[in-house]
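The structure under discussion appears below in the form of structure tokens.
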Amino acid sequence: MTDETTVEEQSETQKKDAPAIAKPVLLGRKIGMLQHFKEDGSVVAATVIAAEANVVTQVRTKERDGYSAIQLGFGRPKKKERLTKPALGHLKDLPPVKVLREVRLDDVAGFATGQEIGVDRFQPGDKVHVVGTSKGKGFQGPVHLHHFSRGPKSHGSDHLRRQGSVGSGTTPGRVLRGLRMAAHQGADRVTVRNLEILRSDPGRALLIIAGAVPGARNGIVMVRKA
């Protein structure tokens, strides 16, 4: 009886886990940074990412959708009622998730809704690309945004941190496209490439990655093998 139960549990686990892919991808949440000590005693700055198992919420195929991709769900809401009715209808019988992201794949054979992808797909020494949203810094002037030189401070000057001339008046008689001026800074999609996995902890669903990754604490990031 025990052997049969073990075989059934193993088969259910195999069905629950998504198939292996050459470049696994995972959604996670940036916790913060710390110092990581390597075996040789050297210390490096590292980022800790909490990445509980991602759930495959939808599979897109070329025959039906025109392209092949999988949709991953990440993060459990505190209350199921906090999700909208369209989101709950989309998930159907799957557990509620807060974040949904689509990932293009060349082949989606073997993928099915309800399967899971965890941090065990990544091993120490793997190189990964991390995608996140950079910190938003609001509307910034040209001195801060583009490192322009400031104007004079003395003799009643009102151009201490202003733009200055933006073009001639007669010809072309307009501001040229692409001119560096004051603008919104940050809150952009940023990819940091070829970072190293220092530690993978499936028991606590944590990844420790060398270096800094985009975004503030608790920001959602996507980790993909290089």
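Annotations for the structure displayed:
- The strands (runs of 3 or more DSSP E) found entirely in region 183-226 include none that carry 1 or more residues being in the same structural domain as ILE70 (by TED's automatic domain parsing) and over 28 Å from SER42 (Cα atoms).
- Boolean, GLY215 is surrounded by 17 or more Cβ atoms within 10 Å (Cβ to Cβ) and within 21 Å of HIS129 (Cβ to Cβ): yes
- Scope region 77-136; condition surrounded by fewer than 15 Cβ atoms within 10 Å (Cβ to Cβ), among the small types (Gly, Ala, Ser) and within 21 Å of PRO214 (Cα to Cα); matching residues: GLY125, GLY136
- Single unsatisfied condition, LEU105 versus (1) under 24 Å from ARG204 (Cβ atoms); (2) in contact (Cβ under 8 Å) with a residue 60 or more places away in the chain: (1)
- Residues of region 63-76 that are more than 24 Å from ILE49 (Cα to Cα) and surrounded by fewer than 15 Cβ atoms within 10 Å (Cβ to Cβ): GLU63, ARG64, ASP65, GLY66, TYR67.
- The residue pairs whose first member lies in region 27-53 and is surrounded by 16 or more Cβ atoms within 10 Å (Cβ to Cβ), whose second member is part of a strand (DSSP E or B) and of a type in the set (Phe, Trp, Tyr), and whose beta carbons are closer than 8 Å, counting only pairs six or more residues apart or on different chains, are LEU27/PHE74; GLY28/PHE74; ARG29/PHE74; ALA51/PHE74; GLU52/PHE74.
- Residue tally, condition of a type in the set (A, V, I, L, M, F, W, C) and either touching a Ser or Thr at 6+ places or on another chain (Cβ under 6 Å) or free of Cβ contacts under 8 Å to residues at least 12 places away in the same chain (or both), over region 188-206: 1
The values are calculated or read from the model by the stated rules, or taken from the named source; none is laboratory data. This one's a predicted model, so the numbers in the text were calculated from it and none came from an experiment. Because the Cβ atoms are built from the backbone with ideal geometry, glycine has one as well, and the counts that use them run over all protein chains shown.
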